[in-house]
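These notes concern the structure reproduced below.
A short reminder: the numbers here are calculations on the coordinates, not readings from a lab. In this text, all values refer to a predicted model and were calculated from it rather than measured experimentally. When we count neighbours, we look across all protein chains shown, and the Cβ atoms used for this are built from the backbone with ideal geometry, even at glycine.
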Amino acid sequence: MSNRNTETATHYHEQTKHSYRSVRSDTHSLDFSNQPVPFKTYPGLKPIPLPHPWEETEITALSAVSAVTSPTKEERIPSLNDLARLLYYSAGIIRQRNYPGGTLMFRAASCTGALYEVELYVVCGDLPELPAGIYHFSPKDFALYQLREGDYRAVVAQASGEEPHVVAAPVLVLSTGTYWRNAWKYRARTYRHFGWDNGTIVAHLLAMGSALQLPTQLVLGFVDRELNQLLDLDSQREVTLSIVSVGTTTQKSSAPSTKVEVLELPTLPLSEREVDYPEMRTLHSATALLSEKEVTRWQGQTSIQPLPAPQGPVWKLDPDPERAPDSIEKVIRRRGSSRQFEQTPISLQEFSTLLYCSAQGISADFLEPAGVLLNDWYLIVNAVEDLPSGAYVLHREGWLLELLKEGDFRNEAGFLGLEQRLPADASANVFFLADLEAILKRLGNRGYRAVQLEAGILGGKLYLTAYAQRLGATGLTFFDDAVVEFFSPHAKGKSSIFLMALGHGKKGLS
């Protein structure tokens, strides 16, 4: 199936939209007796315990989140302790809560439904205290499990079309998505969630990489089949989503002397039975890149039409990236998802800092030239001091907020956010909208992966910048077409991608 036949992505997006009617006619119920476990377990492998990351960097959270790592020729090879900190603060278990039905383990990064369908794998050369190999990261026991022995970085580099950051990296962190673990609740819409949930993890990886002064780069261009085989995945159930290169080294990896063998390592089942939603696999197959030549053609300039110049009243943002002194580690440890907001205002400086630090560029192979983003930022402001309540659009060039329409839109925000109180009570809501037709024309079906992943990263940045300022945040779903209609005519022709609600979260409810 061709990446260029973009009818597949368009069809999937249309079929998985939420509407007032579709939500009310939905009869799906959750079968808790068949809920999948949130961990992948290899019963035949021995754990390699990771050192607990007690140390903290001196980099503040806001600085780490807003930084865009620059390439360097200097060697920056992570230690085992660095690797442990990267993994712990992106996908580790940061707190536990006991309930009548058991214990819920909360991870460092937000995940839809707390179902944690994204797995992390490490492909590395020889590191201090860790031999070259391919490892699965297990949050449950904070350990690595070696799947293959030896240096396989060259295999990943070849699959990426010799992407320079991948070629030069001593460590590569690969993310995968497990269909059933999220589809148990969200069914076919899970493929959107792959982007959001992987994105929040990537946001943490990039921020921690910045704090540890390790150059990082997100890479979405790779031959899917080759990486699925390298990680020994059953691609009917689990698929590779992204690569994050970490560090820089002059010690290049040579191709393994033997062919990448099929391992078929046994893993424990997620639940007694799985329900199949073939629409997701159909879309994933359509987004696949099939050869290194296709990968190199896919990477490059991202020609996305910029926003038109402001036509309405504008407000200049007044950010203060130094206002929150806490380290990135402290902020991640207290981060949660707000379950309720107080209807109280946040200051214009807090709001400006939220937007400014979160909306910086992302180091990624599909975002060239540097600084461009696929998603546009539309906002409903309910309670921000010195800013009229209303609907806005963010102009990152000049850091201006353009007022599209003034008024109290709390009720509208609540309706658009699937009739939930959270967006109605929040101080402000960020709706990520994108010109999906233009993105698919430039990037093919894989552009659908890119735009959802980018929205998840931006959402992850908003989480961190909110909690750095001791505010609250939560990611939400929405009525797709109603969101576009609300922000039109400015948003006409765009598609709804993701929603973040921001404000003062009620204590004890996150």
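Taking the Cα-to-Cβ direction at D31 and at K330 and moving 7 Å from each Cα, how far apart do the two end points lie in nm?
The two pseudo-label positions are separated by 4.8 nm.
Please sort by residue number the GluC sites (Glu not before Pro) in segment 264-340 whose DSSP state is loop and whose Cβ has at most 11 other Cβ atoms within 10 Å.
E264, E272, E322
Ranking R281, R4 by Cβ neighbours within 10 Å, fewest first, what do you get?
Fewest to most other Cβ atoms nearby, the residues stand as R4, R281.
Kindly write out, for segment 14-30 in residue order, the coupling ³J(HN,Hα) from the Karplus curve 6.51 cos²θ - 1.76 cosθ + 1.60 (θ = phi - 60°), rounded to whole Hz, with x marking Gly and Pro.
Per-residue couplings from phi come out as 5, 6, 9, 6, 8, 9, 3, 6, 5, 5, 6, 8, 6, 10, 5, 10, 8 Hz.
Could you tell me the ratio Rg/Rh of segment 71-171? Both radii from Cα atoms, Rh via Kirkwood.
Across segment 71-171, the Cα-based Rg/Rh ratio is 1.04.
When N counts the residues of the chain, how does its alpha-carbon radius of gyration compare numerically with 2.2 N^0.38 Å, as a ratio?
Ratio of Rg to 2.2 N^0.38 Å for the chain: 0.92.
Which percent of Cα-Cα pairs in segment 215-367 sits in each 10 Å bin, short to long?
Distribution as computed: 7, 20, 27, 25, 17, 4, 0 percent.
For segment 331-393, state what percent of all Cα-Cα pairs lands in each successive 5 Å bin, counting from 0 Å until the bin that includes the largest distance.
Computed distribution, short to long bins: 4, 13, 16, 21, 19, 15, 9, 3, 0.
Quote the relative contact order of segment 31-287 in percent (integer), defining contacts as alpha-carbon pairs under 8 Å separated by 6+ residues.
Taking the mean separation of contacting Cα pairs over the length of segment 31-287, I get 28 percent.
On the Cα set of segment 314-505, report Rg and Dmax in Å, please.
Over segment 314-505's Cα set, Rg and Dmax evaluate to 15.6, 43 Å.
Return one number: the angle in degrees, 0 to 90 and rounded to the nearest 10, between the long axis of the Cα atoms of helix 348-358 and the longest principal axis of the Cα atoms of the chain.
For 348-358 against the chain, the angle is about 30 degrees.
Residue separation times 0.36 nm, minus the C-alpha to C-alpha distance between E56 and N98: what's the value?
The span from E56 to N98 would gain 12.3 nm if fully extended.
From the C-alpha coordinates alone, can you work out the Kirkwood hydrodynamic radius of segment 192-233, in Å?
12.0 Å is the Kirkwood radius here.
With respect to the cross-link table entries K46/K185; K40/K140; K140/K252; K405/K492; K316/K506, which display a Cα-Cα separation exceeding 21 Å?
Checking Cα-Cα distances, K46/K185; K140/K252; K316/K506 exceed 21 Å.
Assuming 0.36 nm per residue, please report the length gained on full extension of the stretch R297 to Q236 beyond their Cα-Cα distance.
19.3 nm
Calculated FRET efficiency, K259 and K316, Cβ-Cβ r, R0 41 Å, to nearest 0.05?
Step by step, r from the Cβ atoms, then E = 0.10.
If I take every Cα pair under 8 Å that is 6 or more residues apart in the chain, average their sequence separation and divide by the length, what percent do I get for the relative contact order?
For the chain, the relative contact order is 20 percent.
Segment 153-279: D in µm²/s via Stokes-Einstein (Kirkwood Rh, Cα pairs, 37 °C, 0.692 mPa s)?
205
Residues in segment 406-422 near a label at Y20, defined as backbone nitrogen under 20 Å from the 7 Å Cα→Cβ point?
Residues 408-422 fall inside that zone.
Each residue of segment 172-189 in order: what ³J(HN,Hα) in whole Hz does its phi give by Karplus 6.51 cos²θ - 1.76 cosθ + 1.60, θ = phi - 60°, with x for Gly and Pro?
Rounded to whole hertz, the list is 10, 9, 9, 9, 10, x, 9, 3, 5, 4, 9, 5, 3, 9, 9, 6, 5, 5.
Report ³J(HN,Hα) in whole Hz for each residue of segment 452-467, in order, from the Karplus equation J = 6.51 cos²θ - 1.76 cosθ + 1.60 where θ = phi - 60°; Gly and Pro get x.
Each residue of segment 452-467 in turn: 5, 5, 4, 4, x, 5, 5, x, x, 5, 5, 3, 5, 6, 5, 5 Hz.
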